[in-house]
Each structure stands twice: as structure tokens, then as C-alpha cells.
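Please treat every number below as a calculation from the coordinates, not as lab data. For clarity, every value in this text was computed on a predicted model and none was experimentally measured.
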Amino acid sequence: MEKGEELKLIARVRKGDSQALKKLFANYQPLVDNCRRQFYLTDYDACDWKQEALIVCYEAALLYDPARCRPFGALFKIRLRHRFINLCRNAQALKRRSQRGLQPLCDEDAEEESNIYYQEVIPVWFTAEEALSQLSKLELQAFLVLLGVKEKSEVCASCQVAEKGLNRAKYRAIQKIRENFTSKK
């Protein structure tokens, strides 16, 4: 494709012409296929990759400045590679979420809880109903505070307990839930 014809297609894409976008994209299909072979995502099929590439082609057409004396293909290739890299990076981040290990389960101000941990991935054998049925009313309310469902002040007032007592109840609730986890293995 000649440079003048490519510039006309880019101008038509900027005006919202989808047929021009298809023609422009078809011209760079080998570039898309080459980039796609360099990256692998388990949840993406050829149609997903094509759709991502089409979006990048549209964005590149909107951003392209012929005054910079840079070919459109170079801009498209760089943006396409960066999009594919970001997709792979995001997929890896989601994949590693279960491998991150232990995270602290505590408020910054609760010194008793500073060494309490939970795993982000809840084992299959864990049933919330069973674990929560072992908690007292105060411990259940404290656990709701930990989850962010209720406010500390609200629970302290309704259960008529001091903040220190609520912190102890949180600690006991976590201990009981942890025991439920470990006893089911």
C-alpha cells in the first residue's frame, strides 16, 4: 500500500469510517500475526487477539501524526506490542494472586493482631457457615468489623463493649476460624 493511500485511510478512520479501519487493519495483518506468535495467553483465542489488535489499530490511527515522518506501521507495531505485553502482565498478576502466600489480617492500631495471617485462597473444604457458627455474638460482630461490613463504633455501642474488648473479640474470632481451617485438612 502506498503512503498516500494509507494516509487517506487513516483520515477516513479518524472520521469514523469502519470500512477504512478494516482495510488499514488488513494491510497490517502479517504484523499482527507475528506479534501474536510472540505472546501466549490461555484465555485468548485468535478472535480475542484480533479484536485487541483492531482496537490498537484504531487508537494508532487516531494518534498518528504524518508530520513526524514516522511510518504508521512503526507506531502500530510498538503500540500493539505494548498492548500484548500489558495483557500478559495482567494475566500473570492474576495467576500469581493465589501464589502470593499469606497476607496480614489486622488493623494497624490493633497490636494483639499484628501476627495474624490468612491465606487469600480459601481451601475447598472450608465452609463459612461451620466456622462462623462457632463464634459468639460479639466475635461475629468483631469479624464483621474486620471485613469492613460494620464500623467499630457501631459495634462497640450495640454490644456495649470497649474498643479493647472488641479487638480481643476479633483476635478470638480469627483464632477460631483458623482452627476450623487447620482441623479440616
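Things to note:
- Amide H contacts under 5 Å for Asp17, placed H, 5+ residues apart: none
- Distance violations [Cα-Cα > 19 Å] among Lys22/Lys77; Lys137/Lys170; Lys50/Lys77; Lys3/Lys50: Lys3/Lys50
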